[in-house]
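Rule-based calculations on the coordinates, nothing more; no lab input. Fair warning: this is a prediction, and the values are worked out from it, not measured in the lab. Reconstructed Cβ throughout: ideal geometry from the backbone, glycine too, with neighbour counts over all protein chains shown.
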Amino acid sequence: MKNLVEELTNKQNLNDNDLKYLLETDIYDEELYKAADTVRRENYGDSVYIRGLIEFTNYCKNDCYYCGIRKSNDNSDRYRLSREDILKCCENGYALDYRTFVLQGGEDPYYNDDLICDIVSGIHMLYPDCAITLSIGEKSYESYKRYFDAGAKRFLLRHETADNEHYAKLHPESMSLDNRKRCLFDLKNIGYQVGSGFMVGSPYQTTENLIADLRFLQELMPDMIGIGPYINHKDTPFASEKNGTLELTLRFVSILRLMFPYALIPATTALGTISPNGRELGLKCGANVVMPNLSPVETRKKYDLYENKICTGEEAAECRGCLERRVEFAGYRIVTNIGDVKKHA
Ligand code: 5AD
Ligand code: FES
């Protein structure tokens with residue numbers, strides 16, 4: 001019988017049948033994790049990149065069925081950070097050695113293109129040695145181009161699922177996978193380093209959907225791939241759905257590392273939320289990025305995409321120190337440089 005882990009490691013690919021088998025069995029898990037860690041060490045050594053996450057608004061005009069800050073959630077306690085608040089977070093972060101700032105928010109029209117550009121260019125002027133990443137959803141080509149010219153060189157936009165039917169089960173009719181893909185290819189064409197990804201174990205997800213996600217990622221070839229387990233939020237239509245599992249998410253992190261050896265793969269907050277040492281396990285299975293929270297403590301609880309999110313009571317410095325210890329305990333080392341992706345093969 002052929003060894004699927006060896007084949008995946010050597011070819012960075014498998015046919016759909018073999019991928020299905022690998023995704024649905026646990027017999028390869030230990031071997032998979034080990035192979036993924038070997039490949040991550042060949043490409044990135046024991047380095048773990050850190051990104052300071054600033055969650056600057058929890059207003060959102062969209063209504064994704066899985067998300068706690070969806071427009072229709074009247075229980076959400078909404079907030080917005082001002083340009084000055086955001087710059088303060090960066091100042092804090094810079095002193096803690098962050099050299100990447102990730103501005104993430106709901107799709108909030110209050111932040112029009114002028115304001116986004118003003119914030120981005122403000123950060124760029126004060127911290128020219130830092131990378132600015134935006135994670136603010138679907139926009140036009142022209143808007144993306146303006147943010148790029150203002151100094152944002154990276155963008156995170158998960159595709160969420162690469163299957164049209166599944167996409168329609170997770171989102172209202174006003175949203176489409178086609179537009180999501182259009183955004184991702186626009187971002188690439190403009191010259192952004194692009195991050196995509198999806199939730200593992202989201203409602204109605206099948207193994208075939210997950211294979212479609214991998215095929216889409218092979219087409220897009222993003223610089224970063226962020227995945228985390230789906231986690232329930234009681235104020236959404238999916239309140240009674242099951243959470244994604246640690247097991248499948250870790251298996252997937254390893255498969256991603258073997259298929260995309262060069263990629264930046266975060267050990268996500270969602271992974272740390274479903275299991276107390278989820279992020280450490282993610283690192284051991286091939287992940288090489290962590291994204292500690294730099295948002296003001298007062299607003300953290302309010303950015304609740306899902307329930308029981310970790311790190312909502314900590315100061316920025318606490319998260320930074322906590323993660324440093326966790327990363328070291330797992331056998332890796334935080335590096336404080338800008339942390340660009342390695343050249344694609
Ligand atoms: N569980 C896990 N991840 C979620 N996200 C949104 N809602 C949830 C949830 N309930 C993820 C989406 C989004 C990213 C910012 O957070 O994939 O792109
Ligand atoms: Fe935030 Fe541990 S990373 S408290």
Report summary line: Dividing the helical contributions, -39500 (n - 2.57) per DSSP H run of n ≥ 4, by the residues of the chain yields a 222 nm value, nearest 500 deg cm²/dmol, of -13000 deg cm²/dmol
Query raised in the report: Sorted by average packing, counted as other Cβ atoms within 10 angstrom per residue and highest first, what order do 287-295, 238-246, 131-139, 60-68 take?
Result: 287-295, 131-139, 60-68, 238-246
Report summary line: With a 18 Å threshold on alpha-carbon distance, the violating pairs from Lys20/Lys181; Lys181/Lys342; Lys234/Lys309 are Lys20/Lys181; Lys181/Lys342
Query - Under the Karplus curve 6.51 cos²θ - 1.76 cosθ + 1.60, θ = phi - 60°, whole-Hz ³J(HN,Hα) for region 114-125, x wherever Gly or Pro sits - result: 4, 5, 4, 5, 5, 5, 4, 5, x, 5, 4, 5
Requested in this report: Take the cross-link list Lys88/Lys139; Lys34/Lys188; Lys188/Lys343; Lys169/Lys242; Lys2/Lys343; Lys2/Lys284 and give me the ones stretching past 22 Å between alpha-carbons.
Outcome: Lys88/Lys139; Lys34/Lys188; Lys2/Lys343; Lys2/Lys284
Query - For region 233-282, the fraction of alpha-carbon pairs in successive 5 Å shells from zero, as % - result: 5, 19, 23, 21, 16, 10, 5, 1
Requested in this report: Find the Cα radius of gyration of the chain, compare it with 2.2 N^0.38 Å by division, and give the number to two decimals.
Outcome: 0.93
**Report entry** Degrees between helix 29-44 axis and first principal axis of the chain (Cα, 0 to 90, nearest 10)
**Finding:** 50 degrees
Report summary line: For the pair Asp29 and Glu142, the simple spin-label estimate (label points 7 Å beyond Cα toward Cβ) gives in nm 5.2 nm
Report summary line: Quick shape check on region 10-106: root eigenvalues a ≥ b ≥ c of the Cα gyration tensor, a/c under 1.5 is rounded, otherwise prolate if a/b tops b/c, else oblate, and it reads oblate
Report summary line: Here region 237-250 yields Karplus 3J(HN,Hα) values (6.51, -1.76, 1.60; θ = phi - 60°; whole Hz; Gly and Pro given as x) of x, 8, 3, 9, 7, 7, 6, x, 9, 4, 4, 5, 5, 5
Report task. Compute the long axis of helix 177-190 from its Cα atoms, compare it with the longest principal axis of the Cα atoms of the chain, and write down the angle in degrees, 0 to 90, nearest 10. Result -> 80 degrees
Report task. Report, by chain and number, residues whose modeled amide H sits under 5 Å from the one on Leu156, excluding near sequence neighbours (fewer than 5 apart, same chain). Result -> Leu134, Ser135, Ile136, Gly195
**Report entry** Sorted peptide list for 5-14, 215-224, 107-116, criterion being average Cβ within 10 angstrom, highest first
**Finding:** 215-224, 5-14, 107-116
**Report entry** Anchor Lys61: aspartates and glutamates whose Cα lies under 18 Å away (excluding residues fewer than 8 positions away in-chain)
**Finding:** Asp74, Asp77, Glu107, Asp108, Asp113, Glu138, Glu160, Glu173, Asp235, Asp304
Query - Table column - 3J(HN,Hα) (Hz), region 266-279, Karplus curve with 6.51, -1.76, 1.60, x for Gly and Pro - result: x, 8, 7, 4, 5, 5, x, 7, 7, 8, x, 10, x, 5
**Report entry** the chain: Cys lacking any partner C-beta under 4.7 angstrom
**Finding:** Cys60, Cys89, Cys90, Cys117, Cys130, Cys183, Cys285, Cys311, Cys319, Cys322
Query raised in the report: Any number yet on Rg/Rh for region 282-342, C-alpha, Kirkwood?
Result: 1.00
**Report entry** Whether region 232-345 is rounded, prolate or oblate, judged on the alpha carbon gyration tensor where a/c under 1.5 counts as rounded
**Finding:** oblate
